[in-house]
Amino acid sequence: MEIKTVGVIGAGTMGNGIANVFARGAYDVILVDVEQRFLDRGLETIRKNLEREVAKEKITAAGRDAALTRIAPTVDRKRLGACDFIVEAASERFEIKSELFRELDQLCRPEVILASNTSSISITKLAATTQRPDRVIGMHFFNPVPVMKLVEVIRGLATSDETFATVKALAEKLEKSPVEVNDAPGFVSNRVLMPLLNEAMYAVMEGIATPQAVDDVFRLGMAHPMGPLTLADFIGLDVCLDIMRVMQTGLGDPKYRPCPLLIKMVDAGWLGRKSGRGFYQY
Ligand SMILES: NC(=O)c1ccc[n+]([C@@H]2O[C@H](COP(=O)([O-])OP(=O)(O)OC[C@H]3O[C@@H](n4cnc5c(N)ncnc54)[C@H](O)[C@@H]3O)[C@@H](O)[C@H]2O)c1
């Protein structure tokens with residue numbers, strides 16, 4: 001089946017980026033959120049990002065206009081029935097995603113692949129809420145989506161080879177670099193990244209170094225573009241804590257215990273850049 005129309009669910013940070021790259025890749029996009037104001041905000045971000053690309057001469061003004069006209073925003077989820085492929089990028093809560101997957105399973109033609117952009121929820125578990133577990137897969141984009149090359153393609157227990165091959169080819173058409181991983185808490189990206197960030201937090205908590213010094217070690221000694229604590233603030237400390245907890249519960253190994261300083265900061269409402277305070281002040 002040729003994929004022409006893609007449904008993107010959620011117009012937030014990730015959903016608007018995903019809609020943007022599909023529209024630029026000449027796919028028609030049906031962008032769904034629960035309220036018009038979220039769609040308006042998502043479209044405004046897409047417009048600004050495309051504008052930036054025009055200024056950098058990466059796309060033409062005509063390319064920008066064509067991409068924008070390909071995106072159809074709607075709060076009516078039934079319109080997803082017309083899609084040939086779905087990427088779900090709604091909020092990171094199992095109840096929200098499982099309800100969506102159950103509904104998508106009813107709405108979409110049986111051959112349509114349902115992909116999730118989840119950072120940590122089990123693809124196998126989401127797949128089990130549908131009658132098509134072989135056509136459910138993780139398509140994990142990275143923030144900011146139009147810039148970052150990686151797509152982690154996550155195979156649930158029942159994901160078929162055909163589904164995997166379709167999603168891999170689709171990512172390549174979007175000029176992304178797909179990497180195959182199996183379903184496990186945190187996949188590969190967060191399984192390896194989050195313990196680094198968590199350990200950097202222990203170094204601060206134990207008074208080994210200041211946040212700035214920890215970050216300098218990684219920027220200057222390991223050529224990381226930003227240090228682990230700057231990155232944790234950027235991701236959101238609440239998000240980091242949620243992912244550590246998913247790995248702690250899912251893997252059962254005490255090495256995934258969230259740093260007590262992280263828990264305390266989240267309790268205080270210090271969530272990083274988005275709240276104005278984290279390891280740094282913004
Ligand atoms: N932010 C990141 O850096 C990042 C990176 C990779 C993956 N992810 C994953 O992407 C997904 C989205 O994250 P985000 O950062 O874009 O979140 P966000 O909060 O910016 O956006 C989520 C959007 O989903 C909408 N939504 C919630 N329930 C919905 C429903 N039932 N139907 C339609 N829309 C609904 C919300 O209104 C919101 O606009 C999550 O699964 C997250 O784990 C996030």
Original post:
So, of the residues in segment 19-40 that are within 14 Å of the ligand (Cβ to nearest atom) and either under 21 Å from Ala165 (Cβ atoms) or basic (Lys, Arg) (or both), which turns out to be farthest from the chain's Cα centre (by Cα)?
Top reply: Arg37
Original post:
Quick check: is even one residue across segment 91-102 of a type in the set (Asp, Glu), more than 16 Å from Gln131 (Cα to Cα) and not in a strand (DSSP E or B)?
Top reply: yes
Subject >> Of all residues making up segment 108-134, the number that are small (Gly, Ala, Ser), open to solvent by 10 Å² or more (accessible area, probe 1.4 Å) and more than 14 Å from the ligand (Cβ to nearest atom) >> reply: 1
Subject >> Sole exception among (1) within 14 Å of the ligand (Cβ to nearest atom); (2) in a helix (DSSP H, G or I) for Asp105, by number >> reply: (1)
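In segment 1-18, which residues are within 11 Å of the ligand (Cβ to nearest atom) and either under 15 Å from Asn143 (Cα atoms) or of a type in the set (S, T, N, Q) (or both)?
Residues of segment 1-18 that are within 11 Å of the ligand (Cβ to nearest atom), as a first pass: 7-18.
Passing the criteria: Gly10, Ala11, Gly12, Thr13, Met14, Gly15, Asn16, Gly17, Ile18.
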Original post:
Does segment 41-84 hold any residues that are modelled with pLDDT of 95 or more, more than 16 Å from the ligand (Cβ to nearest atom) and of a type in the set (A, V, I, L, M, F, W, C), and which are they?
Top reply: Leu50, Val54, Ala55, Ala61, Ala62, Ala66, Ala67, Leu68, Ala82
Subject >> Scan of segment 49-97 for residues that are under 30 Å from Lys125 (Cα atoms) and among the acidic types (Asp, Glu), ordered by number >> reply: Asp76, Asp84, Glu88, Glu92, Glu95
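The values are calculated or read from the model by the stated rules, or taken from the named source; none is laboratory data. This is a predicted model, so every value here is computed, not measured. Don't worry about glycine lacking a Cβ; one is built from the backbone with ideal geometry, like all the others, and counts go over all protein chains shown. Calculation scope for accessible area: heavy atoms of the full protein, side chains included, ligands and nucleic acids excluded. Shrake-Rupley method; radii C 1.70, N 1.55, O 1.52, S 1.80 Å.
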